[in-house]
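First up is the structure itself, then whatever we jot down about it.
FYI, it's all coordinate maths here, none of it is from the lab. Quick caveat: nothing in here was measured; it's all calculated off a predicted structure. Cβ placement follows ideal geometry from the backbone for every residue including glycine, while neighbour counts extend to all protein chains displayed.
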Amino acid sequence: VCSGGMHPVTSFDRPEPMRRDVALDAAISDLPKVDAGHRTDSMPYPGVKTSFQRLMRRGLVGQPGRLVHDHITRSVRDDDAEAYRLMKEGDTYKDLPRHLQRYRRDIFNDRYKRLSWGEPSRAITAHLAKDGYWYIHPPQHRTLSVREAARIQSFPDRFRFAGAPSHRYRQIGNAVPPLLAGALGAELARSLTRPVTAKAHA
């Protein structure tokens, strides 16, 4: 404890940004193809294709390394399925034919978003628990699975999620991404080991 009205001060530097973004295909292209409404919780895992996928599979050996979990998806309404089939990568609600636009285009022009393989995904938010319209899979006519959402937020595949699908999506959307938390924690640890200076009350 410092005396004389002095408080210990140390500095905290924000972690440096990653050298490059992780494109969506680099994050999730290894996961098995599934249809809308898929609810099988454990599936055979085909194998990694990228360094990011290898990072996400780290620690899974033996039988666990041969499986992927939580790769479950929402069912899709018939009109949404028709819309998804017409959308190209990067398309949004405004790109749909008029007969498939149930909402005002001037307000909901990006209500749907078909993600692009070669670009980073939108960040996953807790709203994904309500619907997945902002997260339509690039080639598959469905929204993201629980495992795909987890991958995008950098949750390793050894993390499991509990409850109904909406609960699992909310757990992911409300969480701090593990890689971000790790970077912040590492910088905080470094700041706590730096020499401490004293600063008087203002």
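Taking amide H positions as modeled 1.01 Å from N, with prolines and chain starts lacking one, the residues under 5 Å from Arg142 and 5 or more places away or on another chain are His137. Listed by chain and number, the lysines placed with their C-alpha closer than 17 angstrom to that of Lys113 are Lys88, Lys94, Lys130; residues fewer than eight positions away on the same chain are left out.
Remark: spin-label model distance Thr50-Arg158 equals 2.2 nm, labels positioned 7 Å along the Cα→Cβ axis. 3J(HN,Hα) along segment 68-80: 10, 10, 6, 8, 10, 10, 6, 6, 10, 5, 4, 6, 5 Hz, from the Karplus curve 6.51 cos²θ - 1.76 cosθ + 1.60 with θ = phi - 60°, whole Hz, x for Gly and Pro. Taking amide H atoms as placed 1.01 Å from N in the peptide plane, the amide H of Leu67 lies under 5 Å from those of Tyr45, each 5 or more residues away in sequence or on another chain.
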